[in-house]
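No value in this document is a laboratory result; all are computed from the given coordinates. Computed from a prediction, not measured in an experiment: that's the story for all the values here. Neighbour counts run over all protein chains shown; Cβ positions are idealised from the backbone, glycine included.
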Amino acid sequence: MDTRNEITKPSNLLDEKGNLIQKGWAKKMILNRNIENVKAGKLRIKDWDCYEVINEDFCLVLIIADIGYFGMGTISFKDFKNKTKKNAQVNKLFSKGSLNMPPTSNSGDLIFSKNQMTISFEIKENKRILTFNYPEFDNGKGINGKITLYQDPAMDTIVNVVPFKNKKHFVFAQKIIGMPANGSFSIGDEKYEVSEKNSSHGVIDWSRGVFPYKTTWYWGSAFGKINGDTLGFNIDYGFGDETVASKNMLFFNNKGHKIEHVTFHIDKKDVMKPWKFTSSDGRFEMVLDPIFDSRENLNLVILKNVGFQVFGYFTGDVILDNGEKIHVDRMFGFAERFFHRW
């Protein structure tokens, strides 16, 4: 069991000088991001709420973000059966924190509205309610829907507070894996059902930070059932001082099992070849067979977002804190690598 630098006591994130009060990881959101103590220019502050609703047929991504240079609302739909991707993004230039991103993931509603795009994230009674509408989506077909994610108050998550070389830079993030998803959405005349019947679940990447100009990250996640038990995982590395704490955790029946560093082995010339994952403690040994490749290639000289996210099936073995080994046979999920200049 990896308990090094586990955060167990509630506190603010930053002291009056803008330094981190605590560094490491936690299973719950017990810190408050007191942005008034951030000692950095507004263009360095990067905040986002990214929801992914996933099953074996499709992935719906909803993002509200404020990265200083601009705020944005993003709706993306990836259709694994038809091998297609539809994406829409609306920007608010030089937002510089004006989107008022909530300081904790436990409460606080968030709305993005501009140019007919509306995205709303509401937290109410252990539910995360995602509502969205954009008539211009997919060349005017339009998209609209409402999806509810249930977050069991007893479920563990992975929260990280990770510093960078610059003491005023940090990332404060939470990943919540495997929230049951129910609802529906429509693209034009096509309606898509989201329910536990088709194994739909939700993932959130909730991040608040002061980032350096150049950042690279790796992230992966999957969730499913094995012999009636639920198993999910978050694997994550690439930025910040990871000697403080890794960002990796297994979730077995909603209980977190902390694991050490996981390395992604990728053939960058052909990302559709199998990805291999190995961990420093031997507790996460996995292969991902991709079925779908989603790429980004934004280069605006000053700003750049280049990378790829693949979806497919994980096969391998994980080991829980008590030493129990669990074999994973074709669990659906994703993994990604992105480089940002921002």
* To do: Just subtract the alpha-carbon distance of residue 330 and residue 289 from 0.36 nm times their residue separation and send over the number in nm, one decimal.
  => 13.9 nm
* Asked: Once phi is turned into ³J(HN,Hα) by the Karplus curve 6.51 cos²θ - 1.76 cosθ + 1.60 with θ = phi - 60°, what whole-Hz value does each residue of the stretch 126-137 show in order, with x for glycine and proline?
  -> 6, 10, 10, 9, 9, 10, 8, 7, 7, x, 8, 4
* Asked: What would the Debye formula give as log10 I(q)/I(0) at q = 0.27, 0.29, 0.34 Å⁻¹ for the alpha-carbon point model of the stretch 201-241, no solvent?
  -> -1.06, -1.14, -1.27
* Structure fact -> Once phi for every residue in the stretch 83-88 is put through the Karplus expression 6.51 cos²θ - 1.76 cosθ + 1.60 (θ = phi - 60°), the whole-Hz ³J(HN,Hα) values, with Gly and Pro written as x, are 6, 10, 9, 10, 9, 9
* Asked: Label-point separation (nm) for residue 281 and residue 186, each offset 7 Å from Cα along Cα-to-Cβ?
  -> 4.9
* Rg and Dmax [Cα atoms of the chain; Å; Rg one decimal, Dmax integer] -> 19.0, 54
* To do: Would you compute, from DSSP H runs of 4+ residues alone, the mean residue ellipticity of the chain at 222 nm, taking -39500 (n - 2.57) per run and dividing by the full residue count, rounded to the nearest 500?
  => 0 deg cm²/dmol
* Asked: For the stretch 11-212, max minus min Cα coordinate along each principal axis, in Å, sorted largest first?
  -> 54, 39, 29
* Averaging sequence separations of C-alpha pairs under 8 Å and six or more residues apart, then dividing by the length of the chain, give the relative contact order as a whole percent. => 13
* **Residues whose placed amide H lies under 5 Å from that of residue 291, excluding near-sequence neighbours** => 311, 312, 313
* D for the stretch 213-342, whole µm²/s, Stokes-Einstein with Kirkwood Rh over alpha-carbon pairs at 4 °C and 1.567 mPa s: what number? -> 84
* Distance in nm between label sites at residue 197 and residue 302, each 7 Å beyond Cα in the beta-carbon direction? -> 5.1
* Per-residue HN-Hα couplings for the stretch 311-317, Karplus 6.51 cos²θ - 1.76 cosθ + 1.60 at θ = phi - 60°, whole Hz, x for Gly and Pro? -> 10, x, 10, 8, 9, x, 9
